[in-house]
């Protein structure tokens, strides 16, 4: 019974981390769009910017989450990254009506998982 409660608590914390990551992503993409609109920045940087923003958001959400969980940073951080990327992939695919996976999608997934793992490692090792 106690293991089940602990598992549910961990899932709640991971859900919180994903929500924080999505919130950071939305704010960052809005700021990025404003920068692109009001400057002469090339549209060629959009893809790289989105990958960077997503990776940073996952990193931050993973650090916050694993700071609370305090164990298995690689596993739970990677899990947070995977779930975030699945959510973003499904939502963006529905919006643009295209479920294909290209090189940029694969890179984004890889960077998302790695960012989650790094954030998990950092979060577990942060002292209160």
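Laid out as a table, the results:
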{"quantity": "One residue from 3, 40 being without any contact (Cβ under 8 Å) to a residue 40 or more places away in the chain, farther than 12 Å from residue 112 by Cα and not in a loop (DSSP other than H, G, I, E, B)", "calculated": "3"}
{"quantity": "Filter result (touching a residue at least 12 places away in the same chain (Cβ under 8 Å) and surrounded by 14 or more Cβ atoms within 10 Å (Cβ to Cβ)) within the stretch 90-106", "calculated": "105"}
{"quantity": "Out of 13, 85, sole residue that is in contact (Cβ under 8 Å) with a residue 24 or more places away in the chain and surrounded by fewer than 20 Cβ atoms within 10 Å (Cβ to Cβ)", "calculated": "13"}
{"quantity": "Filter result for the condition that a residue is surrounded by 22 or more Cβ atoms within 10 Å (Cβ to Cβ) and under 20 Å from residue 122 (Cα atoms), over 58, 53, 110", "calculated": "58"}
{"quantity": "Breaking point among (1) surrounded by 13 or more Cβ atoms within 10 Å (Cβ to Cβ); (2) free of Cβ contacts under 8 Å to residues at least 12 places away in the same chain, for residue 29", "calculated": "(2)"}
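Throughout, read-outs are computed from the coordinates displayed, never taken from laboratory work. If you're wondering where the values come from, they're calculated on a predicted model, not measured in any experiment. Methodologically, a virtual Cβ is constructed for each residue, glycine included, from the backbone with ideal geometry; neighbour enumeration extends over all protein chains shown.
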